[in-house]
Amino acid sequence: MKSAVETLNPTRVRLTVEVPFEELKASLDAAYKKINQQVQVPGFRKGKIPARVIDQRFGRGAVLEEAVNDALPKLYQSAVEEGDLNPLGQPEVDITELKDNELLAFTAEVDVRPSLEIPDYSGIEVTVDVVEVTDEDVDASVDQLRDRFASTNAVERAAAEGDVVKVNLEAKVDGEVLEDGVAEGIDYTIGSGELLEGIDAAVTGLSAGESATFTSELKGGSAAGREAEVKVEVTSVSARELPELDDDFAQLASEFDTIAELREDSRTRLARMKKYDQATQAQEKVLEELIGLTEVPIPEKLLEDEVNTRKHNLVNHQLGQMGMDLATYLKMQDKSEEDFEAELKEQAEKGIRTQFILDELVAKEKLNVSQEELTEHLMRRAQSSGMSPDQFAQAVVEGGQVPMLVGEVARGKALAVVVEAATVKDGNGEVVDLDDEDETGETVEASSEGADSTESTESTESTAKAEAPENSGKSDA
């Protein structure tokens, strides 16, 4: 077999392949065997029909077509390896010549990973927020904990802000009660903003047994995004009582003996969280700078596929689970379809650029992923998915997604290399040391999973390498 590579543009090549007919013998034998199992000829047992009889009865062209379809994927893969290419997506294959007992020739156009020149990133400098925990921050944290231990007691008075009311709801659109617009026995804390807009004003001042009507835009369900007339009936009013902030509360709500110890622990945890957020911010900003410094050609087909994948995931999964269509979502977001498409394309481009750059760094820095690193990453992904580590690992293996996870960890390590080389300062001009952060590695991995998620790109690429090219040419046989 002879093959040659022609570069069409920075992200696309054309392979020209010529195969002597003797190299097709195995595929021809397989073709005769397959046809033998599918047809019947009087006078011959199934599977025992001679090749010459198959040629006479069904035509040599049918055998050649079957043989070529069998051989093409292997021949294409050999040409890819010979050309040291990194293909993306399915190739467009065209058979240019097929001479029986002489020659098979074909071309294959395919998108490839562009060759990138990673610039010197040691000069990157970013500014992040100052890590500062104020007394007000600690007060708010302790108040949240205190709120969790609040008790409620029924009261015989009108509802006021902060009270918990039990309500029944009935929503009408165009005068008709919606099938999914009735709910009973809902507990709602006035002022929490957790239900429909306008409900706070409607229930404030109502006593048990009283009702009111208000207009609100529905956020979900069959009429999501439409204005509805909502009737709310209050069936009970309860006042919330917060526990005293004393040592007894500290012992009730924590492992500490005193409220002073509880407050100090809250301060420590808040500082840790803000340090983690600071590390995340640093990595995101460093990545933005690196992307801005690197020229990354993007294959048009890959970008189109990535945009379509993101749109499919949003419409069919996220919005579908909420009972909402795209038009309703766009109305709620106050976006035109053109704005939405442009935003989606921008996110997809950023995701692809991120992956290409970090993968190039993985190769340049010769970064490897250990079993321990992969296991730790798998545990974190399992936790975020709500699955047990065993369930998540099984799903990953069965779905052939292990290479994807390895890629995520490797890209995380690549970004960590860039962050380490960059200068990170806080708002006070002080250099931030991220080396002592246990969470840094995890944060880097999370950032590199695709600045706006490139997992679908990775999946597309992995699948493309495994799938057989489709024959878009026609044989003369």
Helix 25-38 axis, angle to the chain major axis (alpha carbon atoms, nearest 10°): 80
Using θ = phi - 60° and Karplus 6.51 cos²θ - 1.76 cosθ + 1.60, couplings along segment 269-279 (whole Hz; Gly, Pro as x): 5, 5, 5, 5, 5, 5, 5, 5, 4, 5, 5
Relative contact order of the chain, defined on C-alpha pairs under 8 angstrom at six or more residues apart (%): 21
Amide hydrogen neighbours beyond the local backbone of L88, cut-off 5 Å, H modeled: D111, V112, R113
Alpha-carbon centroids, segment 160-184 and segment 256-324: separation in whole Å: 35
Amide H contacts under 5 Å for G225, placed H, 5+ residues apart: L218, K219, G220
Reachable aspartates and glutamates from K331, criterion Cα separation under 13 angstrom, eight or more residues apart if same chain: E217, E227, D339
Separation of the S192 and L8 label points, Cα + 7 Å toward Cβ, nm: 5.8
Label-point gap, in nm, between L314 and E102 - each point 7 angstrom along Cα→Cβ: 5.5
Surface/4 estimate of mean projected area, convex hull on alpha-carbon atoms of the chain, nm²: 34.3
DSSP-loop chymotrypsin sites (Phe, Trp or Tyr not before Pro) across segment 85-175, with at most 13 other Cβ within 10 angstrom: F149
Ranked list, fewest to most other Cβ atoms within 10 Å of each Cβ, for S385, S238: S385, S238
Distance between segment 213-230 and segment 382-414 - C-alpha centres, whole angstrom: 40
Loop chymotrypsin sites (Phe, Trp or Tyr not before Pro), segment 1-83, which have at most 15 other Cβ atoms in a 10 Å radius of their Cβ (DSSP): F44
Potential extension, A239-V39 segment - 0.36 nm per residue separation minus Cα distance: 63.8 nm
Where a label projected 7 Å from the Cα of N168 along Cα→Cβ would reach, residues of segment 212-230 with amide N under 17 Å: 212-214, 230
In segment 108-186, GluC sites (Glu not before Pro) in a DSSP loop with at most 14 other beta-carbon atoms within 10 Å: E117, E132, E156, E161
Selected from G209, L195, G220, residue furthest toward positive end of dipole (segment 151-241; charges at beta carbon): G209
In Hz, Karplus ³J(HN,Hα) per residue of segment 91-100 (6.51, -1.76, 1.60; θ = phi - 60°; x = Gly, Pro): x, 9, 9, 9, 7, 9, 7, 9, 10, 4
Reachable lysines, given that their alpha-carbon falls under 20 Å from the alpha-carbon of K46 and they are not under 8 places away in the same chain: K33, K34
Exceeding the 27 Å Cα-Cα cut-off - candidates K350/K413; K74/K301; K345/K366; K275/K364; K219/K311: K345/K366; K275/K364
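Just so you know, all these numbers are worked out from the coordinates, no wet-lab data involved. Quick caveat: nothing in here was measured; it's all calculated off a predicted structure. Heads up, the Cβs are rebuilt from the backbone with ideal geometry, glycines too, and the neighbour counts pull from every protein chain shown.
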